[in-house]
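Everything below concerns the one structure shown next.
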Amino acid sequence: MNRDIRKDLTDYYKSHPHSPAARQHPRILIDHGRYVALLGRSINRGIVGFGSSVASALHAFDDLYRKAHPTARH
């Protein structure tokens, strides 16, 4: 993982310390120029967030995680 992505992750986790992303630490991938936050085996079998930046992918991941786990602590 490159240094810029690692910094973006750290910044997001610091500003959203109780978010699903901060608790679950999804993997960050780059797919066709967009960032993917992935928790699970694959895009088809996991919880994913897509975005044009690391932060937007993590935010989308948080939204989908909350929908998949409505009773989880947010």
- Work from the charge dipole of the chain (Cβ charges, +1 for Lys and Arg, -1 for Asp and Glu, about the Cα centre) and give the residue of Pro70, Ser52, His16 farthest towards its positive end. Pro70
- Task: Among (i) 1.48; (ii) 1.01; (iii) 2.24, find the value of Cα Rg over 2.2 N^0.38 Å that was calculated from the structure presented, and write down its label.
- Result: (ii)
- Item | Per residue accessible area in Å² of the chain, where ligands, DNA and RNA are left out and the probe is 1.4 Å | 66 Å²
- Anyone know which of Asp63, Asp11, Asp31 comes out most mobile in the 10 Å Cα GNM of the chain? Asp31
- For the chain, the longest site-free run once trypsin sites (Lys or Arg not before Pro) in DSSP loop states with at most 11 other Cβ atoms within 10 Å are removed: 1-40
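The values are calculated or read from the model by the stated rules, or taken from the named source; none is laboratory data. In this text the structure is predicted, and so the values were computed from the model without any measurement. Note: ideal-geometry Cβ built from the backbone for every residue, glycine included; neighbour counts use all protein chains shown. Side chains included, ligands, DNA and RNA excluded: accessible areas come from the protein's heavy atoms. Shrake-Rupley method; radii C 1.70, N 1.55, O 1.52, S 1.80 Å.
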